[in-house]
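What follows is calculated from the coordinates using simple rules that are stated; it is not laboratory data. Just so you know, these numbers come straight off a predicted model, no measurement behind them. Every residue, glycine among them, receives a Cβ derived from its backbone with ideal geometry; neighbour counts consider all protein chains shown.
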Amino acid sequence: MICQAIAKLKQQIPLLDYLQAHDWQPTGQLSRGRLMGLCPLHADHKPSFLVDPHKSLFYCYGCGRGGDVIRFAELYHQVKFPRALSLLHQWRGLAPLLHEAADFYRMQLHRHSEAVAYLYQRGIHSPELVEHMQIGYAPGGCLRGWLTQLGYPLQALQQAGLVTAVGYDAYTHRVVFPLEANLYGRSISPSAPPHRFLPGTKGGLYAWQQVRRYTEVILVEGLFDYAVLWQAGFHNVTCSLGNHLSLHQYRQLCDSPRTVYLAFDGDTNGSGQKAAQSLACRLREQGSDARRVSLPAGHDPNSFFTRGGNAQQFQCLLEEARA
């Protein structure tokens, strides 16, 4: 029975689909439909990663590792077999559910003036930006009813973290941003914890598929930092959701030579700049040109813009960025 369940899971998740969902793109095609590309498991500078979509198998001639989609999940996420199975099950079943939840939250945004007012307070006023980031709002008390009406069982909502163990909506009075395989909720109430994610991984760098083509990239810590920069015309911006990158995010930044501007928070305790300095050293070791952007003390990119800064002034900060 266990072997049958594993075989069924591998049939339901083609290796190529899973690779492409984690930002892998082929660079060439061989005979019999096989594909070659850079290896996502190590710092690869020459395509050495072979994928056979028909057999759902991979092999890397650079690091010597290969196998099926489960083995790839083990290596990529650096977990053991049972956890890899769990991550694959979650990835297979969670995507449509999160898509429905995100769509519902988007419908709620302009029905709640307090949510729109909060966005304006944080410098977000462009309809194009709201559409680009698919920003929504979780008022609370209504998502469970909507999703169960669509046919999702309560247990599935609880396993995803959208509904609590006692049946209440997990996100209440929160502006919601869809991520790669999660939802980020920012409380608009000062009495609640500000940040909330669903259980599981936060995913890779934000909007990386649109950003990876740039030879110069701006990396920020938070989604509101990303929002004001994108709104100001800096469409080569991405976000790590914190100042410590996951291995997946680090690999993404190093997937080709580029200049990375680290626009981390100018915390009064220096934690943002210390993290930027450490990351800059690691990026340089991989051949990237890393530059640290010095924001005014106590500011992050969001507060820089909401307190009067503009695109021209931020461009000057980029030009003055230190290696």
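Looking only at the stretch 214-259, count how many residues are assigned to a helix (DSSP H, G or I) and either charged (D, E, K, R) or over 21 Å from Gln273 (Cβ atoms) (or both).
The number of residues fulfilling the criteria is 8.
Quick one: count up the residues across the stretch 4-59 that are in a loop (DSSP other than H, G, I, E, B), in contact with a Pro (Cβ under 9 Å, 6 or more places away or on another chain) and farther than 23 Å from Gln286 by Cα.
Count: 4.
Taking the stretch 99-147 on its own, how many of its residues are in contact (Cβ under 8 Å) with a residue 60 or more places away in the chain, of a type in the set (Ser, Thr, Tyr) and closer than 17 Å to Leu179 by Cα?
Total satisfying the criteria: 1.
Applying the selection to the stretch 89-98, what residues are surrounded by fewer than 16 Cβ atoms within 10 Å (Cβ to Cβ) and either closer than 19 Å to His173 by Cβ or touching a residue at least 24 places away in the same chain (Cβ under 8 Å) (or both)?
Within the stretch 89-98, His89, Arg92, Gly93, Ala95 meet the criteria.
Mind listing whichever residues of the stretch 260-296 are in a loop (DSSP other than H, G, I, E, B), touching a residue at least 12 places away in the same chain (Cβ under 8 Å) and either small (Gly, Ala, Ser) or closer than 13 Å to Ile218 by Cβ (or both)?
Correct list: Ala263, Phe264, Gly266, Gly287, Ser288, Val293, Ser294, Leu295.
Looking only at residues in the stretch 62-118 that are assigned to a loop (DSSP other than H, G, I, E, B) and among the basic types (Lys, Arg), which one is nearest to Gln159 (Cα to Cα)?
Only one residue fits best here, namely Lys80.
Inside the stretch 155-178, can you point out the residues that are in contact (Cβ under 8 Å) with a residue 60 or more places away in the chain, surrounded by 21 or more Cβ atoms within 10 Å (Cβ to Cβ) and within 14 Å of the chain's Cα centre (by Cα)?
Selection gives Val176 alone.
Taking the condition of being buried (at least 19 other Cβ atoms within 10 Å of the Cβ), within 20 Å of the chain's Cα centre (by Cα) and touching a residue at least 60 places away in the same chain (Cβ under 8 Å), how many residues in the stretch 19-52 meet it?
Final tally of qualifying residues: 2.
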